[in-house]
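The values are calculated or read from the model by the stated rules, or taken from the named source; none is laboratory data. Bear in mind the structure is a predicted one, so any value in this text is a computation, not a measurement. Heads up, the Cβs are rebuilt from the backbone with ideal geometry, glycines too, and the neighbour counts pull from every protein chain shown. These accessible areas exclude ligands, DNA and RNA; they are computed on the full protein's heavy atoms, side chains included. Shrake-Rupley method; radii C 1.70, N 1.55, O 1.52, S 1.80 Å.
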Amino acid sequence: MSLLPDHKLNDGTTLPAVGLGTYALRGIPGAEGMAEALREGYRLLDSAVNYENEGAVGKAVRMSGVPREEIRVTSKLPGRHHKKPNVTWAIEESLLRSGLDYLDLYLIHWPNPSQQLFVEAWEGMIEARERGLVRSIGVSNFLPEHLDQLIEKTGVAPSVNQIELHPYFNQPEQRAADKARGILTEAWTPIGKGTGLLAEPPVVAAANKHGRSPAQVVLRWHVQLGVLPIPKSATPSRRRENLDLSGFELDDADMAGIN
C-alpha cells in the first residue's frame, strides 16, 4: 500500500496519491482485476461513462472486501449529456450501473467548447453534489479559460482537473493555472503510451540510480510535481510496482532531466 500522503481537495475531501486507470477493464475479468488492485492497496478507481465499465467498477468495490468508505470512485460525464436537465439523470444512471449509493468524484469529461454547454453542465454537477449523488466534482481536459468561465459564472471551482500529462507533455502552464485556482491536477496516460518514454536516458539513469523501475521513476516525478497520476495496468506485478512510490526521492538533477 502506498505510504504517500493523501491530497486534500478544495472541498475538504481527499484523494490518494496514486490512482488506477480502468479504461478497457470490463466485464467479470475487469471487475476481478480491479478488486485485486483494491486488495493490493489502490484506493482510487478512475472510470467514465464512455469507458462502458461502471458496472465492473461497482462489482470490484463489492468484491474487494475493502470498506466502501476507504475507496474513491471517479466517473465522468460525456459531452452528449452537457445540457443541464440531462446531468442529474446521467449521474443517476452511473450510480445505477455501478450499484453504488454515491460517487466520490464526478468529472466533466471534455469541455467541448464549440457547444458552449460546459457551464450549464457544471451547474448541474453542483446540484448533484448538493443532493449527495457525488461527494466531489471536477473536470477533465479543461484549459485555463474554461476553468475561469466555470468559476466566474458559478463561484465554484472544480476540485480536480484531469489532463494528459507525462514527461513528453509536461504542461507547466496548465499545472500552474490549476494550482493558482486551488485545483488538483490529475494525470491520465502518466507514463505515456507507445512513446518509448521509459527508455529515455534520463529516466533510465534515474531508475538505475535509485534502484527502481523506469515506470516508478516517472510516477515519482508526477508525485513530486504535486500531481496525482492514474496509471493503468492489468498486470498484477506492474500494478504493485506503480503503487510503490515511497522510500525514494528524485533530486533536482533527476527532475530536470525527466522534465
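The table that follows gives values for the structure above.
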| quantity | calculated |
| --- | --- |
| Other-chain or far-sequence residues with amide H under 5 Å of residue 135's (modelled H) | 103, 104, 105 |
| Peptides ranked, highest mean first, by Cβ atoms within 10 Å: ranges 217-223, 6-12 | 217-223, 6-12 |
| Peptide ranges 102-112, 129-139, 196-206 listed from the most packed, as the mean C-beta count within 10 angstrom indicates | 102-112, 129-139, 196-206 |
| Length released on extending from residue 208 to residue 26, taking residue separation times 0.36 nm less the Cα-Cα span | 62.0 nm |
| Signed unit charges on C-beta, dipole axis of the chain, positive-most listed residue 27, 124, 88 | 27 |
| Euclidean distance of C-alpha centroids, the stretch 161-175 and the stretch 75-139, integer Å | 23 Å |
| Proximal lysines relative to residue 193, as straight alpha-carbon distance under 21 Å, when same-chain residues fewer than 8 apart are discounted | 232 |
| Accessible surface of the stretch 112-199, 1.4 Å probe, proportion on carbon and sulfur as whole % | 51 percent |
| Nearest-ten-degree value, helix 201-210 long axis tilted from longest Cα axis of the chain | 70 degrees |
| Kirkwood-type radius of the stretch 126-166, with distances r between different C-alpha atoms, in Å | 11.1 Å |
| Å² of accessible area per residue within the chain, as computed with a 1.4 Å probe and no ligands counted | 43 Å² |
| Rounded to the nearest 20 debye, dipole of the chain from Cβ charges on Lys, Arg, Asp, Glu | 500 debye |
| Cα pair distances of the stretch 1-43 binned at 10 Å [whole percent] | 26, 42, 27, 5 |
